[in-house]
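Okay, so here's the structure we're looking at.
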Amino acid sequence: MAVNVYNTNVTTENLSRHEILAWVNDSLHANFTKIEDLSSGAAYCQFMEILFPGRVKLKKVKFTTRLEHEYIGNFKVLQEAFDRAGVEKVIPVERLIKGRFQDNFEFVQWFKKFFDANFDGHEYDPVGQREGQDLGPNPGGKGPSAKQAIAAPPKQSQISRVAKPAAPKPAAAAPTTMQAPRPVAAPAAAAAPPAHKAVTNNGRANSNNVKAGAGGDSQEIQKLTKRSIDALQRFLYAQASCRRRRA
């Protein structure tokens, strides 16, 4: 029958988490890295096999499990071994399988004292007894545990960064091509008045011809002047429109 141990302050001083992990890994040739990894219950089952050979059905133990329902199966095997050996401890399965540090640390502290009180120091081959299966969250000690692999976010370098499309630049206003006004032909020089002839009997007719020629030249000059003014006005209007567009 087992020697029952109660977790009180009268018992041996508690070990640190690092000392506990070193004891578990050295005793079972395991590769646990965190106290929370003991939440599978597999390590406790093999410790019970060391203390009470034949009381634990190791073939039912899932040593490399990563599934919560298999954790429950391992603790069921452990509780049955407790009952056969007369251990009065009730295993808080629901709290342990959640993988919280404090719950698992308190239980392994108690189990270490229970182990020390019942172990007789005989030789034991942990790897051979579990038929060469690895024990711990990382089979073979390689890679992260399943929980870490699920919970860990991807590294920044592995996230493809999608560049934001650059805001389209406003299209530059097309330069307005201003047509240069057509050069205005300089008004033709007024025709020189005909040479004055001596007054003859036809003087009155000559005078009438001179008046008619002068009137025609005056009309031509007026037409040219009007065209020049119109062309200048169109040029000034085009310039004003171009300035308004640029503004």
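The values are calculated or read from the model by the stated rules, or taken from the named source; none is laboratory data. Remember, predicted model here, so these are calculated numbers, not experimental data. Virtual Cβ from ideal backbone geometry, glycine too; neighbours counted across all protein chains shown. Remember, those area values only see protein heavy atoms, side chains included, never the ligands or the DNA or RNA. Shrake-Rupley method; radii C 1.70, N 1.55, O 1.52, S 1.80 Å.
Hey, does the stretch 65-80 have a residue that's within 22 Å of H122 (Cβ to Cβ) and aromatic (F, W, Y)?
No.
Take the conditions under 24 Å from G121 (Cβ atoms) and either buried (at least 20 other Cβ atoms within 10 Å of the Cβ) or of a type in the set (V, I, T) (or both) and apply them to V87. Does it pass? It would help to see each step written out before you state the result.
Details: under 24 Å from G121 (Cβ atoms): yes; either buried (at least 20 other Cβ atoms within 10 Å of the Cβ) or of a type in the set (V, I, T) (or both): yes.
Answer is yes for this residue.
Go over the candidates D120, D134, D83 one by one and state the one that is outside any helix (DSSP H, G or I) and over 28 Å from E13 (Cβ atoms).
Selected residue: D134, the only one of D120, D134, D83 that is outside any helix (DSSP H, G or I) and over 28 Å from E13 (Cβ atoms).
Give the number of residues within the stretch 48-80 that are touching a residue at least 40 places away in the same chain (Cβ under 8 Å), of a type outside the set (S, T, Y) and assigned to a loop (DSSP other than H, G, I, E, B).
4
Which residues, counting only those in the stretch 61-84, are open to solvent by 90 Å² or more (accessible area, probe 1.4 Å) and more than 45 Å from the chain's Cα centre (by Cα)?
The answer is D83, R84.
If you check L28, L58, which single one turns out to be open to solvent by 10 Å² or more (accessible area, probe 1.4 Å) and on the phi < 0 side of the Ramachandran plot?
Going through L28, L58 in turn, just one is open to solvent by 10 Å² or more (accessible area, probe 1.4 Å) and on the phi < 0 side of the Ramachandran plot: L58.
How many residues does the stretch 83-109 contain that are at pLDDT 95 or above and closer than 14 Å to V3 by Cβ?
The qualifying residues number 0.
List every residue pair whose Cβ atoms lie under 7 Å apart, where the two residues are 6 or more positions apart in sequence or sit on different chains, the first residue falls within the stretch 94-118 and is acidic (D, E), and the second residue, located anywhere, is open to solvent by less than 20 Å² (accessible area, probe 1.4 Å).
D103/L96
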